[in-house]
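What follows is a short report on a single structure.
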Amino acid sequence: MVQSAVLGFPRMGVNRDLKKATEAYWGGKISQTELLAEAKRLRLAHWKIQKDAGVDIIPSNDFALYDQVLSHIQDFGAVPERYTKDGLDTVDQYFAMGRGHQKGGVDVPSLEMVKWFDSNYHYVKPTLQDGQTFKLTATPKAVAEFNEAKEAGVTTRPVLVGPVSFLHLGKADRGQSVDPIDLLDSLLPVYEQLLTQLKEAGAETVQIDEPVLVFDLPAKTKAAFKPAYEKFASLGDKIPKLVFTTYFGDIVHNLDLLPKDIYAIHIDLVRNPEQLDTVLGALGPKTVLSAGVVDGRNIWKTNLKRAIETVESAIQKLGKDRVIVATSSSLLHTPHTLASEKKLDAEIADWFSFASEKVVEVAIIAKAVTEGPAAVREQLEANAKSIQARATSPRTNDPKVKERQSKIVPADYNRKSEFPVRIDAQQKKLNLPLFPTTTIGSFPQTKEIRLSRNKLTKGEITAQEYDSFIEQEIRDNVKIQEELGIDVFVHGEPERNDMVQYFGERLDGYAFTTHAWVQSYGSRCVRPPIIVGDISRPAPMTVKESKYAVSVSSKPMKGMLTGPVTCLRWSFPRDDIHQSVQAEQLALALRDEVVDLEKAGVDVIQVDEPALREGLPLRSGTERDAYLKWAVNAFRLSTTGVEDSTQIHSHFCYSEFQDFFHAIAALDADVLSIENSKSDAKLLSVFVDSAYPRHIGPGVYDIHSPRVPSEQEIKDRIEEMLQYLKPEQLWINPDCGLKTRQWKETKEALANMIAATKYFRAKYAK
Ligand SMILES: CN1c2c(nc(N)[nH]c2=O)NC[C@@H]1CNc1ccc(C(=O)N[C@@H](CCC(=O)N[C@@H](CCC(=O)N[C@@H](CCC(=O)O)C(=O)O)C(=O)O)C(=O)O)cc1
Ligand SMILES: N[C@@H](CCS)C(=O)O
Ligand SMILES: [Zn+2]
């Protein structure tokens, strides 16, 4: 019998229930007991969905109140001392690491959060000390959740992040020099204990995630697999059978690192179907293959016929008992259920499958290959019909868009002049002081703003009423910036529900949803719009608000757009045409918007590309070069239609920019703002080494946490930056937009930022 397996289920709940509960807990509106009860309710509900769908292998410990890696940090006793010293209880300590804590005399910033592989999900980085020791908590979450499911009548397969991935994805704490992978020997006993406890609790198998295997790994990390998995093999029946799980890439380049005596290997056959034969050839004589054929990263209905063919080819080689049908990765990256989408056009909705539908697909495929296609004939016929309908639908094709793409010429990728000429023209117009201050675009998205937008959607207020509300917000934002003394203003993006969804809703070729939320980090969710066809701009998207902001502002006003690559990556992209084609279509639409903003008197335009880095193929090599070429071209195509005197900014919010620095430089943006406050300032040396000529604003404070940075902290940060950057290139700004913050802390933080800037202005004026 071929079993079906799910690698992880989204945890937010059908109505973002977990988000609401955690935020209510943080706001003091519900107790910890109530929060934990809600979390349990969600876990039980999600196991039931999978059980009812007929899934054989259902995951546990895929749940987390904030982030699954953070849960491991806590359970392994790898909590830095700054979070333990104040005696916070376990739950508050956990949240303190995730989002910082500034209450009751405790003041501690969060741990660093970075992108999970090439997804839009963020994980908390294990942050390790020299001489780090590990100690398994008395009540490991994996064991507790296994028992909880068992009590509910579901025997699950617990999910653990494997030891090599846990360490490889970690880093040394600030001021520490440990190479995390050197800690393997200290960490393995914790895994041994945990796996033993899981076995004692009744777990037959454990999904042990080692996704770092898809990277090009340093020799030391590679060398860690053997001792780790030999150790586990030596434990024999004392621990559950292990499913060594990889996803988001192929593992062909690391086949020699696969554990020899492992029970099963999981591979992602959606992302890299071509790896199947090679991996089959490399499996041990008894090893089971878990074939990831249902996409955990996108929302398209699975082509069941094709998936069945793939699984059949594995069965031919291994036999039915050595193949598992699975999702390609955790379904964390997909929305909860299509059933909530009441407003989607029926033709298009028939093309989609969200998490609750994907678990059914996995079960159908397993049944088809176990019992034969006749057992699921009806489902296969319906599936074939909708796959065919999408493939032939005129709604995916716009000849006018294709014609415009065919007319792009090389000059369309270049500004009129080089940077030195441009910056002179810009400075004449903008007249900015040394160390210009700005913010990244969004100001707090208050409850009032969200409610007002909600009323507009429900028809409880008119579009005109909504527009006047937004204008009032913009006027308030301008006033606040005037009072603070900021140099380049923003309108604050109050009209935007999200920096990608907002554009998706205004572009042809997109479908958008009402409930299809996906966790981005912690309690924060996004509703990625879906690219269903060729993209074009039927009308200006941001000009009205920016033009209004210019009209009420005493200082230069930055127009704010989301770049083509970020629009693409944070949407659910099409899987029927190459992403470069979709990016180019987005770029042409944005180019028109940039030119329209310029015509409307907006002299500074920021085109955000925070997703440029996460789109980088996970392995170096030709694929990366090809990606960077089309991604950089898309940005340039969207920004180069303006005059020299219009200043183009771009923004990146993550810190690991060194490995694609040349691409950032190739964007030819006049000013870059980059998230940097939680990283070592010496990373900025890449700007020095390459004699980067243009302007840069490395973030001076973290925006993910409500914590207010002191003036002194910001001064220290600027001082560090000035060791690497020339005063005349340095801009002062936060790490990223302020939409998730409250006004009180925003004003205090920005006031400290301005005070720190004034200090340096005075210092350098001498
Ligand atoms: C910069 N980041 C972004 C990423 N991806 C994006 N697509 N967008 C991003 O901005 N990836 C990397 C980072 C991740 N960071 C964030 C930061 C903040 C959020 C966030 O705040 N998400 C919001 C949802 C935003 C949204 O769509 N809001 C809508 C709907 C608001 C809503 O919930 N309305 C209520 C009714 C009103 C109420 O009671 O409050 C409802 O519908 O029930 C809007 O403003 O209209 C979040 O709340 O999680 C995400 C990623
Ligand atoms: N302009 C956006 C960028 C976020 S990455 C904002 O400020 O929220
Ligand atoms: Zn950002």
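The values are calculated or read from the model by the stated rules, or taken from the named source; none is laboratory data. Bear in mind that the values here come from a model prediction, so they are computed numbers and not experimental data. Cβ atoms come from the backbone with ideal geometry, glycine included; neighbour counts cover every protein chain shown. Note: accessible area is taken over every heavy atom of the protein model, side chains too, but ligands, DNA and RNA are not part of it. Shrake-Rupley method; radii C 1.70, N 1.55, O 1.52, S 1.80 Å.
Some observations on this one:
- For the chain, convex hull of alpha carbons as volume per residue, Å³: 156
- Antiparallel DSSP beta bridges within the chain, percent to nearest 5: 20
- Tensor-based shape of the range 658-766 (alpha-carbon gyration tensor, a/c under 1.5 rounded, otherwise prolate or oblate): oblate
- Shape of the range 413-475, Cα gyration tensor, a/c cut at 1.5: prolate
- Per-pair calculated FRET efficiency, R0 = 41 Å: SER177 and LEU44 via Cβ, rounded to 0.05: 0.35
- Those residues of the range 288-323 whose amide nitrogen sits under 17 Å from the label point placed on ALA391, 7 Å along Cα→Cβ: 300-310
- With coordinates expressed along the principal axes, the C-alpha atoms belonging to the range 707-762 extend over 33, 19, 15 Å, beginning with the largest.
- Over the range 234-296: Rg over Rh, Cα atoms, Kirkwood Rh: 0.98
- Total formal charge among the other residues, if their Cβ is under 10 angstrom from that of LYS358, Lys/Arg +1 and Asp/Glu -1: -2
- Less than 5 angstrom separates the built amide H of PHE244 from those of ILE208, ALA264, ILE265, HIS266, all sequence-distant by 5 or more or on a different chain.
- Applying 0.36 nm per residue to the separation of LYS544 and ARG524 and subtracting their alpha-carbon distance, the gain on full extension is 4.4 nm.
- Calculated FRET value between ASP476 and ALA375, using beta carbons and R₀ = 45 Å, to 0.05: 0.10
- Helix axis angle, 622-639 relative to the chain longest principal axis, alpha carbon, degrees: 30
- Residues SER186 and GLU728, FRET efficiency given R0 of 45 Å [Cβ-Cβ distance, rounded to 0.05]: 0.40
- Cα-projected label distance for THR155 with LYS320, points at 7 Å along beta-carbon direction, nm: 2.0
- Carbon and sulfur %, accessible surface of the range 278-405 computed with the full protein complex present, 1.4 Å: 53
- For the range 601-658, pairs of C-alpha atoms spaced more than 17 angstrom apart make up 46 percent of the total.
- Estimated inter-spin distance, HIS578 and ARG404, nm [label 7 Å along Cα→Cβ]: 2.1
- Whole-Hz ³J(HN,Hα) from phi, Karplus 6.51 cos²θ - 1.76 cosθ + 1.60, for the range 576-584, glycine and proline x: 9, 9, 5, 5, 5, 5, 5, 5, 5
- Backbone amide hydrogens, once placed in the peptide plane, bring SER520 within less than 5 Å of CYS525, VAL526, excluding anything fewer than 5 places away on its chain.
- Under 5 Å, built H, 5+ apart or other chain: amide partners of THR562: ASP608
- For the range 5-116, alpha-carbon Rg over 2.2 N^0.38 Å: 1.17
- For the pair LYS758 and SER417, the difference between a 0.36 nm per residue extended length and the Cα-Cα distance amounts to 119.5 nm.
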